[in-house]
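This report concerns only the one structure given below.
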Amino acid sequence: ALHFAGLIAFSDPLREGVPEALRECRAAGIRVVMITGDHPATAHAVASGLGLPHECSGVDLIATGADLDAADASQLDALVAETNIFARTRPEQKHLLVEALRRRGDVVAMTGDGVNDAPALREADIGIAMGARGTAVARESASIVLLDDNFSTIVAAVRDGRRIFDNLTRAFAYLIAFHPPLLLSALIIPLLGQPLLLL
């Protein structure tokens, strides 16, 4: 009798453009944190492929759901401050992590596509659901629904939003600098009995 032994491996490749988008986030001062229900080894492999920092002196800084269960409030705050990868997390732990990030004063945008992401999506300052493959519960819990399910779209939106904000700030500064002197001269000069300066 013949016996066959084999090994089958499955690979879920990284989406095109995501490593570049993460680099752009870091350059823009945006911290990216991975919170997943996957095994720590899987999280490590994905983080390495993305170039997401998660090592210190050759040691993986990956916290698990068990670490979160064992942590008190101050230890949780320390974990959230230092760790970029959280693996084997449950839905309530994702929610807990978003709460802890917000408690630190961070503005938190959370992405997700499943029912297990809904509590964290609702708790985040900005919940972003995947529209194509996301569940109805995730879409209803989120503030924004991505139609293309692409992380790069979020980065582009942040870039455009910052540019618009900068333009509005400049326009407002121009209005403040230019219009009050005109308004004052139009009001004060007639009050002093002088001829109108502006007609």
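The values are calculated or read from the model by the stated rules, or taken from the named source; none is laboratory data. The model shown is predicted, which means the values in this text are computed figures rather than measured ones. Every residue, glycine as well, gets a Cβ built from its backbone with ideal geometry; the counts of neighbours run over all protein chains shown. For the accessible areas, the whole protein counts, side chains as well, though only heavy atoms, and no ligand, DNA or RNA atoms are used. Shrake-Rupley method; radii C 1.70, N 1.55, O 1.52, S 1.80 Å.
Listed conditions (1) farther than 23 Å from G161 by Cα; (2) open to solvent by 20 Å² or more (accessible area, probe 1.4 Å); (3) under 14 Å from the mean Cα position of the chain (by Cα); (4) not acidic (D, E) are all met by L97, apart from (2). Filtering the stretch 12-37 to residues that are crowded, with 16+ Cβ neighbours inside 10 Å, assigned to a loop (DSSP other than H, G, I, E, B) and among the hydrophobic types (A, V, I, L, M, F, W, C) leaves V32, V33.
Scan the stretch 72-85 for residues that are touching a helix residue (DSSP H, G or I) at 6+ places or on another chain (Cβ under 6 Å) and not in a helix (DSSP H, G or I) and jot them down. Within the stretch 72-85, I85 is the sole residue that qualifies. Checking each residue in the stretch 123-141 for being touching a residue at least 12 places away in the same chain (Cβ under 8 Å) and either within 10 Å of A109 (Cα to Cα) or of a type in the set (G, A, S) (or both) picks out E123, A124, D125, I126, G127, I128, A129, G131, A132, G134, A138, S141.
When T64 is tested against (1) among the β-branched types (V, I, T); (2) under 18 Å from V158 (Cβ atoms); (3) surrounded by 15 or more Cβ atoms within 10 Å (Cβ to Cβ), only condition (2) is not met.
Of all residues in the stretch 67-94, those being touching a strand residue (DSSP E or B) at 6+ places or on another chain (Cβ under 8 Å) and either of a type in the set (A, V, I, L, M) or open to solvent by less than 60 Å² (accessible area, probe 1.4 Å) (or both) number 10. Inspection of the stretch 38-51 finds a residue satisfying the criterion of being assigned to a loop (DSSP other than H, G, I, E, B) and under 22 Å from I154 (Cβ atoms). Name the residues in the stretch 150-160 that are closer than 17 Å to V32 by Cβ and free of Cβ contacts under 8 Å to residues at least 40 places away in the same chain, would you? Within the stretch 150-160, T153, A156, A157 meet the criteria. Among the residues of the stretch 98-109, just one is closer than 19 Å to A156 by Cβ and touching a residue at least 24 places away in the same chain (Cβ under 8 Å), namely A109.
In the stretch 20-51, what count of residues is obtained for those that are within 21 Å of A109 (Cβ to Cβ), of a type in the set (G, A, S) and touching a residue at least 24 places away in the same chain (Cβ under 8 Å)? Result for the stretch 20-51: 6.
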